[in-house]
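Please find one structure pasted underneath; my questions will follow.
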Amino acid sequence: MPTLTWIGKDKVVTHHKDVPYRVLSHQYGYDSANPEDRSETHSGNKIIHGDNLEALKSLLPEYEGRVNCIYIDPPYNTGQENWVYNDNVNDPKIQKWLGEVVGKEGEDLSRHDKWLCMMYPRLQLLRSLLKEDGAIFISIDDNELANLKLLCDEVFGPQNFVGQWHWYKSATPPNLSYKIKKNLEYVLCYEKHKTSVKYRGIQKVSGSDDPMTKPQNSFKELTFKAGTINCKFKDGIIPAGIYGTKKFPNELMNDLIVQDGKNKNEVTFKNRFIWVQDTLQSQIDNHTVFNLSKQLVLSYKKQNYDPEVPPNLIDDSVGVNTTEEAGKLIEKIFGKKVFDYPKDVSLIEYLLSFICDSDSIILDSFAGSGTTAHAVLNLNRKDNGCRSFILIELGDYAETITAERVRRVMSGFSDQAGLGGSFDYYELGERLFNDDGNLNEHVSEDQIREYIYFTETKQHLTRPKTEGVYLMDDWNDTSYYFYYQKEAATTLSFDTLRKIVDHKAEQYIIYADICTISDADLEKRHVIFKKIPRDITRF
């Protein structure tokens, strides 16, 4: 497999493990049903302001292996620095990070080296957050397309490459070159582990004149056995036409005789059925009874057309708009231009629809103007779903543009009715460990417990700290205890052991500052002692 090398690579390939763990600091909640209430909504929708490398690390205890779908629109590294969204790795914050991580060697980096140094650890953390059957979609243009493909091959594995979509982004791109007008951008897709899941593209619609959605069903006859059609019509009258659409009226091939609300005789219909006789017969064998409604719509209307596998060209034929439309929408939401070159909400809706179910978790760690949240809310409105979104944005506009857009979409803007919903807004908070390696006592005990429980079990701690105040939770026949007090040392002795342990388990793992029980006695009682902070795993 071809490998990608660049200056500084050796400094960043494991850097995601060295990123300090910081807790998330809740700033306010927003609920469109009660905008004045700023308390935490616990909706699962999160907007996080801060460096996405640290923010992704902070998400691990709750979300590692739980995110269904990731969409990111990282900087394209075009060299243009006059955008609201700074599309260049010469951003001072990135430069500071490179100086700290790569060191003096970073002074010789090209902009491509810098971009790769920036992307590599972030992709590593994004992969950790994906479910085993999850997928990531990455928007990119020509500047880093080739590098991104090799980079993702290394992080996700070339065998997990799904494909590359071409998005017709603009009908009238700016003429920045004498040689080519660039109408296309690209979307790369990788799965965490290759699955056999069929991606869902556009949904075919019966009777559509659109060549992309028009069903290609030839006329065929379907014969129903006696007693397989429910023919209970109003006042006992069988409507003329028997079948239900004006464009495709059904042709009844023989007389229909009704007795006791069912067809007494074998009856045959002719129309553009999606089923063949074998399919119909299998349903009859399963004792299916077909209802003729007021519109007298038969089995093929009952059966939805399977969505097409999405073609590798994304344009208006699949219902996706251009960047021009995206810009108009942003101006409509805010009443003025606040953001250059946003992604169109229809693009992200389309991509998410490939694999996301109604309860999926969707993450965007380069959130920009918040288009991904808008797409999630649109999808939820369409199918009454409960998908949740997590947005991370480094820019100073995370509150004034990213979160504000989500607020307006939820509550309504211009002539658009609100989609409803709620979210919680966070800043990156304190580091869990001080520079001396000790626990930061400014961090809440709940957040420390959540971190430790995750390092032990790879599970998210959901048990509230109520009775059994030192018990974190039970997992795989083991009880996990955190015997901790701020500004005081805790000692695990025979006396405190009796007070701490409140139920029987096959094994106990207990964190404390000091232990006065011998190893032999600990083993006899199936207790494993772990010293605070020495034995707390750093990930």
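I need a count of the residues in region 438-491 that are in contact with an Asp or Glu (Cβ under 7 Å, 6 or more places away or on another chain), open to solvent by 40 Å² or more (accessible area, probe 1.4 Å) and closer than 26 Å to Arg66 by Cβ.
Final tally of qualifying residues: 5.
Out of (1) at pLDDT 65 or above; (2) farther than 30 Å from Glu132 by Cβ; (3) open to solvent by less than 90 Å² (accessible area, probe 1.4 Å), the odd one out for Asn286 is which?
(3)
Tell me, which residue of region 458-493 that is in a loop (DSSP other than H, G, I, E, B) and of a type in the set (Val, Ile, Thr) is nearest to Tyr508 (Cα to Cα)?
Here the answer is Val469.
While we're looking at this one, here's another question. For region 402-457, give me each residue that is in a helix (DSSP H, G or I) and of a type in the set (D, E, K, R).
Glu404, Arg405, Arg407, Arg408, Glu445, Asp446, Arg449, Glu450, Glu456
Return the residue satisfying two criteria in turn: it lies in region 501-510 and is more than 15 Å from Ile452 (Cβ to Cβ) and in contact (Cβ under 8 Å) with a residue 12 or more places away in the chain, and of such residues it is most open to solvent (accessible area, probe 1.4 Å).
Checking each candidate, the answer is Glu506.
Quick one: which of Ile390, Ile401 is among the β-branched types (Val, Ile, Thr), within 18 Å of Ile48 (Cβ to Cβ) and open to solvent by 10 Å² or more (accessible area, probe 1.4 Å)?
Residue meeting the stated conditions: Ile401.
Taking the residues in region 338-353 that are in a loop (DSSP other than H, G, I, E, B) and touching a residue at least 60 places away in the same chain (Cβ under 8 Å) as candidates, determine which candidate is farthest from Pro74 (Cα to Cα).
Here the residue is Val338.
Residues to consider are Lys220, Lys114; find the one that is surrounded by 19 or more Cβ atoms within 10 Å (Cβ to Cβ) and at pLDDT below 90.
After applying the criteria, what remains is Lys114.
Take the residues in region 354-387 that are of a type in the set (Ser, Thr, Tyr) and not in a loop (DSSP other than H, G, I, E, B); name whichever of them is farthest from Gly134 (Cα to Cα).
The residue in question is Thr371.
Shifting gears a bit: Filter region 299-321 down to residues that are of a type in the set (S, T, N, Q), at pLDDT below 50 and in contact with a Phe, Trp or Tyr (Cβ under 8 Å, 6 or more places away or on another chain) and give me whichever is farthest from Glu221 (Cα to Cα).
Among them, the one singled out is Gln303.
Starting from region 10-26, keep only residues that are within 16 Å of Leu432 (Cα to Cα), then list their pairs with residues that are assigned to a helix (DSSP H, G or I) and basic (Lys, Arg) whose Cβ atoms are within a distance under 6 Å, requiring at least 6 positions of separation or different chains.
Between residues of region 10-26 that are within 16 Å of Leu432 (Cα to Cα) and residues that are assigned to a helix (DSSP H, G or I) and basic (Lys, Arg), the close pairs are Val19/Lys57; Tyr21/Lys57.
Report whether or not Ala326 is modelled with pLDDT of 95 or more and under 23 Å from Thr78 (Cβ atoms).
The answer is no for Ala326.
So, in region 123-160, of the ones that are touching a helix residue (DSSP H, G or I) at 6+ places or on another chain (Cβ under 7 Å) and either open to solvent by 10 Å² or more (accessible area, probe 1.4 Å) or among the acidic types (Asp, Glu) (or both), which residue ends up nearest to Ser196 (Cα to Cα)?
Here the answer is Arg127.
If a residue has to be surrounded by 22 or more Cβ atoms within 10 Å (Cβ to Cβ) and of a type outside the set (A, V, I, L, M) to count, how many in region 375-387 make the cut?
Counting residues in region 375-387 that are surrounded by 22 or more Cβ atoms within 10 Å (Cβ to Cβ) and of a type outside the set (A, V, I, L, M) gives 1.
Go through the residues of region 442-463 one by one and say whether even a single one is under 23 Å from the mean Cα position of the chain (by Cα) and more than 30 Å from Leu492 (Cα to Cα).
The answer is no; no qualifying residue exists.
State whether one or more residues within region 471-483 are in contact with a Phe, Trp or Tyr (Cβ under 9 Å, 6 or more places away or on another chain), polar (S, T, N, Q) and over 20 Å from Val23 (Cα atoms).
yes
Could you grab me the full set of residues in region 310-324 that are touching a residue at least 40 places away in the same chain (Cβ under 8 Å), part of a loop (DSSP other than H, G, I, E, B) and under 11 Å from Ala171 (Cα atoms)?
Hits for region 310-324 are Asp315, Thr322.
Another question about this same structure. What are the residues in region 238-273 that are closer than 16 Å to Phe224 by Cβ, modelled with pLDDT under 80 and of a type in the set (Val, Ile, Thr), if any?
Ile238, Ile242, listed by residue number.
Taking region 511-539 only, how many residues are touching a residue at least 24 places away in the same chain (Cβ under 8 Å) and in a strand (DSSP E or B)?
6
The values are calculated or read from the model by the stated rules, or taken from the named source; none is laboratory data. Quantities reported herein were computed from a predicted structural model and do not represent experimental measurements. When we count neighbours, we look across all protein chains shown, and the Cβ atoms used for this are built from the backbone with ideal geometry, even at glycine. Just the protein is used for accessible areas: all its heavy atoms, side chains included, with ligands, DNA and RNA removed. Shrake-Rupley method; radii C 1.70, N 1.55, O 1.52, S 1.80 Å.
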